[in-house]
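Here the structure comes first, spelled out in structure tokens, and everything after it is commentary.
Laboratory data are not the source of any read-out in this text; all were calculated from the coordinates shown. As the structure is a computational prediction, the values presented were derived from the model and not from experiment. Every residue, glycine as well, gets a Cβ built from its backbone with ideal geometry; the counts of neighbours run over all protein chains shown.
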Amino acid sequence: MIEITWRAVQVETGSWKEAGAEPGQMIMVNGRLVAILVHLTGPYNTPELRGKWFIEAGFGPLCGKHELFSTLEEAEHWVLQHYLAERKPGPERALQS
């Protein structure tokens, strides 16, 4: 069974806000942190960005992925789809010493 949990956080962005932070969400799949999203609320040069959710950091299978979403539900669907696709069982890897 897959369990997705969210936790609200403030993300230091060095942005326009006095505190330099924007609202964010940590996404965990089965208790493992897989992504941090930032809610883009600042006065951006590109108005289409305002109000979107952006994957600021991805971990494990989501490392290096940077996507924009209109809603958290859309982000959750994308995260789950990509996380599961990358976590397909494969041959076990042995550690080399």
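Each of Trp78 and Leu33 was given a label point 7 Å from its Cα along the Cα-to-Cβ line. The distance between the two points is 2.1 nm. If you plug the beta carbon distance of Glu86 and Arg7 into 1/(1 + (r/R0)^6) with R0 = 22 Å, you get a FRET efficiency near 0.50.
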